[in-house]
Amino acid sequence: MIADGSGAMALLTDIVRIGHLFFMAMGIGCVVATHAGTLRSLNAPLSAPRLAQIEHVHGLLMAALVGAWVTGVVLVYLRTGGVIAEFSPKLWIKLMVVSVLMLTALAVRRHVMPVLEAAVGRRLLDLGFGAKLRLAVFSGLSAAGWSSALILGASQAVKAMDWAPLISFFGLLYLAGLGGAVTAAAFAHLADWVVKCWNEDGGEAPGLNTGLDSPAERLP
C-alpha cells in the first residue's frame, strides 16, 4: 500500500484521516442541530429567520459532505493505491453510504426546501399529510445515513463482516429510519387532526386549563 513506508506518508495519512473525521463530525452536528430545532418548534409557526437558519445549516452540511468525500477518496488511495481488488466490503459500504448521503442532501435542496419556504408563517403540523410524509422520508434517510456513517467509522465489529451481514445490518438500519420517520409523521398528523376536531367541537380534554381564573368561578 502507498501508506506503508516513510514517516512522511504516515503523517499525511493521519492528517487526511483527521480532516475526514472533522468533516463527518461537522455533518452529524448539522443534522442533529437541524432535527432537534425542528422537533422543538413543530407547534410554532415557521419564521423566516428560522428558515434562513435551516438553509445556512444545510449549506454547511453540503460543505461537510464534499469535504468528507474528498478526504475519503484520498484515504482510499493512500490505503489501497487505487487497486479495486484491495477494497473491503466495509469500504464499499462506506462509499455507498456517503453517496446516498450526498444524493439525499441534494434532494433535500430540491424537494424539501420549497415545502419549507411555502410553510413560512404556519406550523409544520399544519402541512398536509403528503408534505409531512415528504419531510419524514428525507429526515429518515438522513438519520439512517449519518447513523450508518458513524457506525462504520467507530465500530470494530463491522470491519470483519462480509457482504451479507453488512447489507442486512445497514439495510435494516435504513428501513428502521424510514419506518420510524413515516410512523412519526402519520402519528403527528393524526394527533393534530384529533386536537383540531376536539377544539372545533368545543370539547375540552381532562386536566386542561378551562380558562377560569379561580376555583370560585367554577362553582354553580
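Once the Cβ-Cβ distance of ASP14 and HIS35 is raised to the sixth power relative to R0 = 22 Å, the FRET efficiency obtained is 0.10. Computed extension gain for LEU106 through ALA44, at 0.36 nm per residue and net of the alpha carbon distance, reaches 19.6 nm.
Think of each Lys and Arg Cβ as +1 and each Asp and Glu Cβ as -1; about the Cα centre, that makes the dipole of the chain roughly 460 debye.
For segment 25-105, the alpha carbon positions stretch 53, 19, 18 Å along the principal axes, listed from largest to smallest. Compactness of segment 128-204, taken as the C-alpha radius of gyration over 2.2 N^0.38 Å, stands at 1.58.
For Cα Rg over 2.2 N^0.38 Å, one of [x] 1.36; [y] 1.23; [z] 0.98 was computed from the structure I shared and the rest are decoys. Which label? Computed from the coordinates, Cα Rg over 2.2 N^0.38 Å corresponds to [x].
The numbers here are math on the coordinates, done by the rules we state, and not lab data. A quick note: this is a predicted structure, and the numbers were derived from the prediction, not measured. Because the Cβ atoms are built from the backbone with ideal geometry, glycine has one as well, and the counts that use them run over all protein chains shown.
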